[in-house]
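All remarks here apply to the structure that follows.
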Amino acid sequence: MTAINNECPYISKNKINFTFDGKNLPAYEGDTIASALLRNNIRLVGRSFKYHRPRGIYTCGIEEPNALVQILSEHNEPNTRATIKRVYDGMEISSQNRWPSLKFDLGAINNILSPIFSAGFYYKTFMGPKGFWKNIYEPLIRKSAGLGKPPKNFRSKSIHQYHNTDIVIIGGGLSGLITARKFVNTKYKVLLIEQDSFLGGILKNSNKVDSINGISPLEWIKETEELLSDSKNITILKNTLVTTYNFTNHLVALEDKYSGRKIDLKKSELTLHKIRTSLTILSNGHIERFISFRNNDLPGVMLASSFEKYIHRYGVIPESKPVIFTNNSSTFSLLKSMTSLGYKPEAYIDSRKKDEIETEIKKFLKNNNITSYFDSEVEGCDGNKKVEKITIRNGKNYFKLNSSMLCVSGGFNPDIHLFTQSKGLVKWDKLIASFKPDTSFQRTLTLGSVSGNYNFKKLCDEINQKLSFLKTKKANLEIKCNVTNKFSLRELWETKKKKNSNWSKSFIDLHNDVTINDLKQAITEGFDRIEHLKRYTTNSMGTDQGKISSINSLALVSKLLKKEIAEVGTTTYRPPYAPLSFAAIAGRSTYEFYDPERKTSIHSWHLENNAVFEDVGQWKRPWYFKANNDETMHQAVQRESKMLRQGAGILDGSTLGKIEIKGRDALEFMNLMYTNAFTKMKPMTSRYALMLGEDGMIKDDGIICKISDQHFIATTTSSGAPKVLADMEEYLQTEWPHLQVYLNSITEQFSTFNISGPKTRDIMARVFPHIDFSNEAFPFMTFKNFDYQDTKIRIMRASFTGELGYEIYIPPKYGLELWEKIFSCGKVFNLIPYGTETMHLLRAEKGYIVVGQETDGTVTPLDLNYNWMIGKNKKDFIGKRSLSRPDTARNDRKQLVGLLPINQSDMIEEGQHIVEINKLPNKIKNPIKYLGHVSSSYHSPNLNKSIGLAMIKGGNNLLGQRFFVTVSGNTKNIPVEIVNPVFIDPENKRLTS
Amino acid sequence: MILIKCPYCGERDQSEFANGGEAHVVRPKNPESLSDKDWGEYVFYRNNPKGIFYERWVHSHGCKKWFNVVRNTSTDQILKVYKVNEKRPDLTEFENTLKSPSGEPSVGSGNFAVKK
């Protein structure tokens, strides 16, 4: 039966209520879910991962493998550790991984079927028949195996905070506090991080320490906390867990700001601290480990130090008459705690031989009349969903004890997780039978039990000695202990079974349901490397990362392999130390803050005129404009395309990247960066230009305006602008630092409108009555600057549609007004706005490429027959030499061609293959000869047939030939003819009209 | 996340920087006179050592300046930072630095977290 420790000072007496699986239960403020459940005598809290075995509360902290619950009142937050999450009034909690109820779980059939779920079962079973995995096995397994259910909605709930500090002390236990006191009022900036809501660690979790400097541990903690808080150089973070230890002393810690309080949906409940420090002091203590025996997972089995922690930290005695099973001297303090409160354990079982056990303990057992068995062990325990009977082996004799709880201690592991994350080396310590830190890789110190020092008397000496290189006061505390200071232990990882059976299970990993038999089987199957073994058996791969069991499994494996533990080694510890939610990592980078949205100055007009938007990089660009609500995308694009070629259309091209290139050597620089020759180009003219990589492949294209030899403006693709600018900068800084050139991104300094169509000249003449737009005064590919109101605009004659066209560059402030003016002037000429889809269709009709659609990083200008764009007489430009490499000069490279379906109503799909056969076999046995792929495909409203562009091997020599294009979901291919890629106006009459 | 000392701005988080691969790969002055093989080596071949590596970084979310770094790819320690126009430090300068975090072999990786 549960009992209460009324002397516990840490729990307030404010009563609150919470619900567990719908049942209303009382608790005290300050309780964790686990302590509150134990207070209510509830031991069964969940079902296990694989076998659905009943499970209870095993520990009292972060190491908990079993007691994971779902918090319904916090948006269904799953897999919450009941042992650290604190309850508040009105909290709603449910158990996990059970159906229909916790007490009666149908999934428990897995326990009976367990022989087929042994190590690596998912690699061996569920092999067929075809389709069964996807439709039957996987959904079934996903439903029955696993943890909680994911939250329904994502909620942004964390903020990030950055720290730069001199010293970080991780762990505010005894050694952490002694260390922190040394830094009081020093020049060092110190951050003390404690995962609990209290400082003190072992001082409040046990009664091992009687007094410090003559005062009680509680008073000493209070005194220390006051001292630290008053010191301006020290910051204390409570409820904060360090999860990650990165290179160059970079730490990540998660703070729960609403621990024990109802969350406020309007405020962030978590803070992710990102800390950079020059020295990290680890004083994060140790974690108790268990011992494997038959049914060591039954609710009622608990770690001994956790049991003691519930007594002192939460005032709950989980069971008034437990059986204690240990292999070391540490459980002495639990014995003392129990007896001092007037309770007596049912029995004390120590696996050590009588002469190995401290006389102090033996005397205590005798004086208090506690039933004790030395050189004995627990063979196993039995019961229905809880411990009822415990079988003890004493030599060759077996006997049973009645108790509902069993406290186990298999020794202590220094918590080396963070130390090994920092890439420090660990070594095996025979005395404590565990790994402890050896050589630090970074500026890291380990103090206290994490360094393997379990002796309070030596603590101050250790801290003084390790910190002697810093100018701090000497710590000089007299720590008086209740229990023996010497730590002794007899290695015990697994107890002997009375008889072997497939149904009896000794667990080595409670969280993932891995048994000792699984380990044995995996080794028999040849998995003798610890990293392989771990993955094959899923041992220590649960969310608890095997905190109470991983060293046990190493020890067992080393025994099975007949190797030293140090030789077997540890598996790699990786961050995070304990799970943290994605929301914590995401911080404020959620929803609209995840990636900025860029909008042009005309955006509001687009919205009013039924634009449907497309994301281009971060930009929002109109994709097409709906004439009415019923118009489909296809109809809109067909309409826009047709009306433009008959009248005029205007496109908001403000998103186009614009880079200004200025300086003494601008001309030389441009000649090097682009394929084209700019030397003979006249000022105030422009040119379509290509930028290559050193490998000769097209990276970007755009129009280059030459104002003078010292001043150019280059446009880039909308999404390529940042990369082009960065590449230009790179070459200027690293390859040609002697060139005097300055680059400036002016993308957002101008709104850009592209007006094109046969009626454009008339419209422009009305908008700008003082400007002569005649062909003679304003020829194709020239530009001019004009005064407009109190600003300057630039107009360029250029076109991406193949029609007569102009581009207007105007400061964004004046953009919308001019846009509206153009529309009022253009009304009589049927001017329409058009979007990117129509732009793509029109340029495909004209055979213009789009970088990233026709090109994919493997296409040279020669492949597109753009030889005319290459300044062959230039000595050098980026990628020039690569164009004559044997591979780029091949004749059978994929080349740009046009496609026309033989049957004009056939629509070919972009991305489909071009092949020689009209029908694919039903079952493809031999590779089918592949000629190329379709890069663009549209139904042209102006030609009234479907057209396509394609990249085909040796395409230049295939004009007029017939091939076939594959169809998705159909074996019958579409016959096509290879044609010239320019479908409209190959003579450029419209363009230059 | 490593800490990088930009020679122009000082120490900053790695997230402010972008890596530019091997340093001191000079673009040939006369590409046309190079054989296909030599040009191909300039374009496509880079060293990828386990150990000391001369590499380029750019403070892309800062001053946008390129600079050179000597980094041990095995320990991720930055041994030296210098500007593009400064002399390449000699390898002997780094002879006495840590070779690897856990005494691993000079090629490949593995779980050698435990000292024998």
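Quick notes on this one:
- In segment A:312-355, the residues that are buried (at least 19 other Cβ atoms within 10 Å of the Cβ), among the charged types (D, E, K, R) and touching a residue at least 40 places away in the same chain (Cβ under 8 Å): A:Arg313, A:Glu319, A:Lys336, A:Glu346, A:Arg352
- Count of segment B:37-50 residues which are surrounded by 13 or more Cβ atoms within 10 Å (Cβ to Cβ), out of contact with any helix residue (DSSP H, G or I) (no Cβ under 6 Å at 6 or more places or on another chain) and facing another protein chain (nearest Cβ under 8 Å): 3
- Checking A:Leu25 against (1) at positive phi; (2) without any contact (Cβ under 8 Å) to a residue 60 or more places away in the chain, the condition it does not meet: (1)
- Total residues in segment B:1-18, condition surrounded by 13 or more Cβ atoms within 10 Å (Cβ to Cβ), more than 11 Å from chain A (Cβ to nearest Cβ) and in a strand (DSSP E or B): 1
- The listed residues are A:Thr444, A:Thr420, and the only one of them that is within 14 Å of chain B (Cβ to nearest Cβ), at pLDDT 90 or above and within 20 Å of A:Thr179 (Cα to Cα) turns out to be A:Thr444.
- Against the numbered list (1) under 30 Å from A:Asn873 (Cβ atoms); (2) more than 14 Å from chain B (Cβ to nearest Cβ); (3) out of contact with any helix residue (DSSP H, G or I) (no Cβ under 9 Å at 6 or more places or on another chain), A:Pro737 comes up short only at (2).
- Criterion violated by A:Ala566 - all others in (1) of a type outside the set (D, E, K, R); (2) touching a strand residue (DSSP E or B) at 6+ places or on another chain (Cβ under 8 Å); (3) under 14 Å from A:Ala119 (Cα atoms); (4) at pLDDT below 90 satisfied: (3)
- Among the residues of segment A:607-622, none is identified as closer than 17 Å to A:Asn830 by Cβ and in a helix (DSSP H, G or I).
- Strands (runs of 3 or more DSSP E) completely within segment A:697-750 that count 2 or more residues being of a type in the set (D, E, K, R): A:698-708
- Contact map, segment B:74-103: residues that are more than 10 Å from every other protein chain (Cβ to nearest Cβ) paired with residues that are assigned to a helix (DSSP H, G or I) and surrounded by 13 or more Cβ atoms within 10 Å (Cβ to Cβ), Cβ distance under 8 Å, separation 6+ or inter-chain. Pairs shown: B:Leu79/B:Phe94; B:Lys80/B:Phe94.
- Take the conditions (1) at the interface with chain A (Cβ under 8 Å from one of its Cβ atoms); (2) surrounded by fewer than 18 Cβ atoms within 10 Å (Cβ to Cβ); B:Arg56 misses just one of them, which is (2).
- Selection within segment A:557-580 - within 11 Å of another protein chain (Cβ to nearest Cβ), buried (at least 17 other Cβ atoms within 10 Å of the Cβ) and assigned to a loop (DSSP other than H, G, I, E, B): A:Gly569, A:Thr570, A:Thr571, A:Tyr573
- Residue check, A:Ser506 closer than 30 Å to A:Ile112 by Cβ and either among the hydroxyl-bearing types (Ser, Thr, Tyr) or within 14 Å of chain B (Cβ to nearest Cβ) (or both): yes
- Of all residues in segment B:59-68, those satisfying the criterion of being surrounded by 17 or more Cβ atoms within 10 Å (Cβ to Cβ) and either of a type outside the set (Phe, Trp, Tyr) or more than 12 Å from every other protein chain (Cβ to nearest Cβ) (or both) are B:His59, B:Ser60, B:Lys65, B:Asn68.
- Unique residue being buried (at least 20 other Cβ atoms within 10 Å of the Cβ) and touching a Leu at 6+ places or on another chain (Cβ under 9 Å) when the list is A:Ile704, A:Ile713, A:Ile698: A:Ile698
- Hey, A:Lys723 buried (at least 17 other Cβ atoms within 10 Å of the Cβ), farther than 18 Å from A:Gly663 by Cα and among the charged types (D, E, K, R) or not: no
- Residue ID - surrounded by the most Cβ atoms within 10 Å (Cβ to Cβ), chosen from residues in segment A:425-439 that are within 11 Å of chain B (Cβ to nearest Cβ) and charged (D, E, K, R): A:Asp438
- Residue that is surrounded by the most Cβ atoms within 10 Å (Cβ to Cβ) [pool: residues in segment A:741-774 that are touching a Cys at 6+ places or on another chain (Cβ under 6 Å) and under 23 Å from A:His603 (Cα atoms)]: A:Ile763
- Any hit, segment A:761-783, residues being under 23 Å from A:Met839 (Cα atoms) and among the charged types (D, E, K, R): yes
- Tallying residues that are among the hydroxyl-bearing types (Ser, Thr, Tyr), closer than 17 Å to A:Ser601 by Cα and in contact with a strand residue (DSSP E or B) (Cβ under 6 Å, 6 or more places away or on another chain) within segment A:790-810 yields 1.
- Residue that is farthest from A:Thr734 (Cα to Cα), among those in segment B:24-36 that are more than 9 Å from chain A (Cβ to nearest Cβ) and surrounded by 10 or more Cβ atoms within 10 Å (Cβ to Cβ): B:Ser33
- Considering only residues in segment A:434-468 that are under 33 Å from the mean Cα position of the chain (by Cα) and hydrophobic (A, V, I, L, M, F, W, C), the one that is nearest to A:Gly410 (Cα to Cα) turns out to be A:Phe435.
- Meets criteria (in contact with a Lys or Arg (Cβ under 9 Å, 6 or more places away or on another chain), more than 14 Å from chain B (Cβ to nearest Cβ) and under 19 Å from A:Lys520 (Cβ atoms)) for A:Ser553: yes
- Count of residues meeting criterion [touching a Leu at 6+ places or on another chain (Cβ under 8 Å) and part of a strand (DSSP E or B)] in segment A:623-661: 7
- 3 or more residues outside the structural domain of A:Thr679 (by TED's automatic domain parsing), surrounded by 13 or more Cβ atoms within 10 Å (Cβ to Cβ) and under 40 Å from the mean Cα position of the chain (by Cα): qualifying strands (runs of 3 or more DSSP E) within segment A:856-974: A:930-940, A:945-953
- Residue match in segment A:31-50 (condition: farther than 24 Å from A:Phe104 by Cα and out of contact with any Asp or Glu (no Cβ under 7 Å at 6 or more places or on another chain)): yes
- Elements of type strands (runs of 3 or more DSSP E) in segment A:224-331, at least 1 residues being more than 25 Å from A:Leu177 (Cβ to Cβ): A:240-246, A:270-282, A:301-303, A:323-326
- Within segment A:342-373, the set of residues being part of a strand (DSSP E or B) and more than 50 Å from the chain's Cα centre (by Cα) comprises A:Ser372, A:Tyr373.
The values are calculated or read from the model by the stated rules, or taken from the named source; none is laboratory data. Treat the numbers as computed from the prediction; the structure is a model and nothing was measured. As a convention, Cβ positions derive from the backbone with ideal geometry for all residues, glycine included, and neighbour counts pool all protein chains shown.
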